[in-house]
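The values are calculated or read from the model by the stated rules, or taken from the named source; none is laboratory data. Since this is a predicted model, take the numbers as computed values, not measurements. For neighbour counting, all protein chains shown are included, and Cβ atoms are generated from backbone atoms with ideal geometry for every residue, glycine included. Only protein heavy atoms, including side chains, enter the accessible area calculation; ligands, DNA and RNA are left aside. Shrake-Rupley method; radii C 1.70, N 1.55, O 1.52, S 1.80 Å.
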Amino acid sequence: MVDSKPCDTLCLPYNGLIKDDGDPYINPTLYRSVVGALQYLTFTRPDIAFSVHQVSQFMQNPMASHFTAIKRILRYLKGTLHHGIYCSNGPLQLKAFSDADWAGNPNDRRSTTSLAVFLGNNPISWSSKKQLTVSRSSTKAEY
């Protein structure tokens, strides 16, 4: 991936990963190793957390299309090496933001909830997690 072309986005819009999409990936150990390294990187790169969460759902039985998604994440990282968490001085005001999609996972129809907490302009906590149950409406997904 050293000589690969960087890309501007982590994933294609509305391109969800499907459980049995195509041929099985020939090296599941490599897949798991790269996903593990990406999970570690999310500590300082919360912008990739959602995409890494998506590819980590297929560690048991990865497909070639799932590894293509991993390569896109790596290409994004190559083009955004200067991104990360930076702390700056400012007012000590606590702000929190949250959002959820509704039945966004095409495999099990569960929603994903995300949140970010800022102290001033600095992020201090963030999370992206698949909900435990299937929501019957967008209101219930947000709740």
Quiz item: Does any residue of the stretch 101-111 turn out to be assigned to a strand (DSSP E or B), loosely packed, with under 13 Cβ neighbours inside 10 Å and basic (K, R)?
Solution: no
Quiz item: Restricting the stretch 114-143 to residues that are hydroxyl-bearing (S, T, Y) and loosely packed, with under 14 Cβ neighbours inside 10 Å, which is modelled with the highest pLDDT?
Solution: S125
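Listed residues V35, V52; which is without any contact (Cβ under 8 Å) to a residue 24 or more places away in the chain, in contact with a helix residue (DSSP H, G or I) (Cβ under 6 Å, 6 or more places away or on another chain) and among the aliphatic types (A, V, I, L, M)? Steps first, please.
On the way: V35 fails: without any contact (Cβ under 8 Å) to a residue 24 or more places away in the chain.
Selected residue: V52, the only one of V35, V52 that is without any contact (Cβ under 8 Å) to a residue 24 or more places away in the chain, in contact with a helix residue (DSSP H, G or I) (Cβ under 6 Å, 6 or more places away or on another chain) and among the aliphatic types (A, V, I, L, M).
So which helices (runs of 4 or more DSSP H) are wholly in the stretch 1-96 and hold at least 3 residues that are open to solvent by 40 Å² or more (accessible area, probe 1.4 Å)?
Qualifying helices (runs of 4 or more DSSP H): 28-41, 64-79.
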Quiz item: When the stretch 73-116 is examined, which residues are found to be small (G, A, S) and in contact with an Asp or Glu (Cβ under 7 Å, 6 or more places away or on another chain)?
Solution: G79, A100, S111, S114
